[in-house]
Amino acid sequence: KAGVTQTPRYLIKTRGQQVTLSCSPISGHRSVSWYQQTPGQGLQFLFEYFSETQRNKGNFPGRFSGRQFSNSRSEMNVSTLELGDSALYLCASSPDNEQFFGPGTRLTVL
Amino acid sequence: GIQVEQSPPDLILQEGANSTLRCNFSDSVNNLQWFHQNPWGQLINLFYIPSGTKQNGRLSATTVATERYSLLYISSSQTTDSGVYFCAVEDGGTSYGKLTFGQGTILTVHP
């Protein structure tokens, strides 16, 4: 089975712009979770989707949003980018409890 | 929310040495996973181990759920074992898909 894929792998944006990141889960996995990793805060949970419904959300401002499509692919969007949004964004898919991670999207905000 | 503490924060070994990494958590868990983060940032699954003991080659893990800790053992370490090791848990409530990560253990193996 193909693993979790994320696109793009690298992204450079400027403050105030918005960005959309994409995640394709492992075939058959219906749950997709998103995480942000920064040197200062470590790995933090953003949100989780299952069958197109957001079931859980972390402590991030409303500028961070996401959605899931009927084929389980997920996107996350960050609007009005700030310098502090520079991070590695990881998504994970799960068939039940165990999560499998993609390679991540490294976002740099200038 | 649930707290996860990993120790030690840093570990330096000579090739061939054995090591034990510890993960303490503050509440009951549905899920506990160990990951190795490679230099490119991808989290590689090592173990899914909410309880019990598992072994995979030179690596093994034990979780004692009643005492709220997990241990990752690395035997005969190799330079390729270098990197950051994370423990992550999902608490026993309605934390759908939410893993809480420890701060990681940075392992450096010298030849």
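The values are calculated or read from the model by the stated rules, or taken from the named source; none is laboratory data. The model shown is predicted, which means the values in this text are computed figures rather than measured ones. Don't worry about glycine lacking a Cβ; one is built from the backbone with ideal geometry, like all the others, and counts go over all protein chains shown. Surface accessibility is based on the protein's heavy atoms, side chains included, excluding ligands, DNA and RNA. Shrake-Rupley method; radii C 1.70, N 1.55, O 1.52, S 1.80 Å.
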- [ ] Kindly list the number of the only condition in (1) part of a strand (DSSP E or B); (2) farther than 28 Å from A:Cys91 by Cβ that fails for B:Gly16.
- [x] (1)
TODO: For region B:46-81, name all the residues that are in contact with a Phe, Trp or Tyr (Cβ under 6 Å, 6 or more places away or on another chain) and within 11 Å of another protein chain (Cβ to nearest Cβ).
DONE: B:Phe47
TODO: For region B:20-72, enumerate the residues that are of a type in the set (A, V, I, L, M) and assigned to a loop (DSSP other than H, G, I, E, B).
DONE: B:Ile49
- [ ] Examine region B:82-94 for a residue that is assigned to a helix (DSSP H, G or I) and away from chain A (no Cβ under 14 Å), and state whether such a residue exists.
- [x] no
- [ ] State whether the residues of region B:67-74 include one that is surrounded by fewer than 22 Cβ atoms within 10 Å (Cβ to Cβ) and among the polar types (S, T, N, Q).
- [x] no
Task: Test for A:Ser70: is it open to solvent by 80 Å² or more (accessible area, probe 1.4 Å) and not hydrophobic (A, V, I, L, M, F, W, C) - done: yes
- [ ] Looking for whichever is under 30 Å from A:Tyr10 (Cβ atoms), at pLDDT 95 or above and loosely packed, with under 14 Cβ neighbours inside 10 Å here; the options are B:Gln78, B:Gln55, B:Gln37. Which one fits?
- [x] B:Gln78
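Yes or no, residue by residue, for (1) in contact with a His (Cβ under 9 Å, 6 or more places away or on another chain); (2) aliphatic (A, V, I, L, M); (3) over 18 Å from A:Tyr35 (Cβ atoms):
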{"position": "B:Pro9", "(1), (2), (3)": "no, no, yes"}
{"position": "B:Ile12", "(1), (2), (3)": "yes, yes, yes"}
{"position": "B:Asn31", "(1), (2), (3)": "no, no, no"}
{"position": "B:Leu46", "(1), (2), (3)": "yes, yes, no"}
{"position": "B:Gln55", "(1), (2), (3)": "no, no, yes"}
{"position": "B:Arg58", "(1), (2), (3)": "no, no, yes"}
{"position": "B:Leu71", "(1), (2), (3)": "no, yes, yes"}
{"position": "B:Asp81", "(1), (2), (3)": "yes, no, yes"}
Open item on the list: Quick check on this structure: which one of A:Ser86, A:Ser65, A:Ser72 is among the hydroxyl-bearing types (Ser, Thr, Tyr) and in contact with a Lys or Arg (Cβ under 8 Å, 6 or more places away or on another chain)?
Closed with: A:Ser72
Task: Residue check for A:Ser65: part of a strand (DSSP E or B), more than 10 Å from every other protein chain (Cβ to nearest Cβ), among the small types (Gly, Ala, Ser) and without any contact (Cβ under 8 Å) to a residue 40 or more places away in the chain - done: yes
- [ ] State whether the residues of region A:96-107 include one that is open to solvent by 50 Å² or more (accessible area, probe 1.4 Å), within 14 Å of chain B (Cβ to nearest Cβ) and closer than 26 Å to A:Thr14 by Cβ.
- [x] yes
Task: Members of region A:1-55 found to be assigned to a loop (DSSP other than H, G, I, E, B), buried (at least 21 other Cβ atoms within 10 Å of the Cβ) and more than 10 Å from chain B (Cβ to nearest Cβ), listed by number - done: A:Pro25
